[in-house]
Ligand SMILES: Nc1ncnc2c1ncn2[C@@H]1O[C@H](COP(=O)(O)OP(=O)(O)OP(=O)(O)O)[C@@H](O)[C@H]1O
Ligand SMILES: [Mg+2]
């Protein structure tokens, strides 16, 4: 089992930052309130080093998804500091909320549109990303004809094609059966270690903790 740490203000984080060691994900003193005034996060701090695979646990409604959305810039922080070293890819609990194109290859290529690459570069990025998640053979497959685990791997391939250095995964195995669940967590562990990525993975499933370096709750 990995070390499990409470999400809290950490003096060691402040010291690390003053020594200019860049964490891949640095959160310091972040609070978040909904417009109703309800607080979700209060003075939350954490630091994740480059190359770490970390997990985040917590009760329903404790603010895990809110924190991930703040890290991804999908919500605006109201207090404190958030620093992300490198482009961020987000993987949602339900891949049907994320995959927008009709086929696997087209979906991975879709995320590259804003980069204005040549057709050859797009093909090369898509091939490489699908190879990384062992889905190259399904490049022409319709999205609707994939399993849940394959859909999550397409979402991860999208982030890899965009050269994301940090993966944020919000309960990516919640809709998967136990075998696919373990396949996916192993795949992400292997990608993090082989490609030097950093990942923060939200889960309620304790069996997944065996695959991470550290966990927060
Ligand atoms: N758009 C919203 N407006 C107002 N309150 C919200 C909104 N989204 C979430 N909340 C509330 O914020 C709190 C934290 O929600 P969040 O989704 O971050 O929890 P979570 O830890 O991810 O829970 P779960 O384990 O169920 O996914 C909850 O009380 C939730 O009801
Ligand atoms: Mg959530």
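The values are calculated or read from the model by the stated rules, or taken from the named source; none is laboratory data. These numbers come from a predicted model, not from an experiment. With ideal geometry, Cβ positions are generated from the backbone for all residues, glycine too; neighbour counts draw on all protein chains shown.
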*Out of 168, 176, which single residue is touching a helix residue (DSSP H, G or I) at 6+ places or on another chain (Cβ under 7 Å) and under 29 Å from residue 115 (Cβ atoms)?*
168
*Residues of region 25-43 being outside any strand (DSSP E or B) and either within 16 Å of ligand 2 (Cβ to nearest atom) or closer than 19 Å to residue 217 by Cα (or both), which ones?*
34, 38
*In region 191-210, what count of residues is obtained for those that are out of contact with any strand residue (DSSP E or B) (no Cβ under 7 Å at 6 or more places or on another chain), away from ligand 1 (no atom under 16 Å from the Cβ) and more than 16 Å from residue 154 (Cα to Cα)?*
6
*Does region 141-157 contain any residue that is at pLDDT 95 or above, within 16 Å of ligand 1 (Cβ to nearest atom) and within 14 Å of residue 99 (Cα to Cα)?*
no
_So for region 91-112 (the condition being within 23 Å of residue 51 (Cα to Cα) and either in contact with a helix residue (DSSP H, G or I) (Cβ under 6 Å, 6 or more places away or on another chain) or crowded, with 19+ Cβ neighbours inside 10 Å (or both)), does at least one residue qualify?_
yes
_Based on this model, can you work out whether residue 20 counts as at pLDDT below 70 and within 25 Å of residue 89 (Cβ to Cβ)?_
no
*Could you list, in sequence order, the residues of region 53-77 that are in a loop (DSSP other than H, G, I, E, B), more than 16 Å from ligand 2 (Cβ to nearest atom) and touching a strand residue (DSSP E or B) at 6+ places or on another chain (Cβ under 6 Å)?*
77
_Among the numbered criteria (1) within 16 Å of ligand 1 (Cβ to nearest atom); (2) within 24 Å of residue 26 (Cα to Cα), which one does residue 176 miss?_
(2)
_If I ask for residues that are within 14 Å of residue 201 (Cα to Cα) and touching a helix residue (DSSP H, G or I) at 6+ places or on another chain (Cβ under 7 Å), which ones from region 52-89 would you list?_
53, 55, 56, 58, 88, 89
*What residue, among those in region 124-149 that are in contact (Cβ under 8 Å) with a residue 40 or more places away in the chain and under 19 Å from residue 190 (Cα atoms), is farthest from the chain's Cα centre (by Cα)?*
134
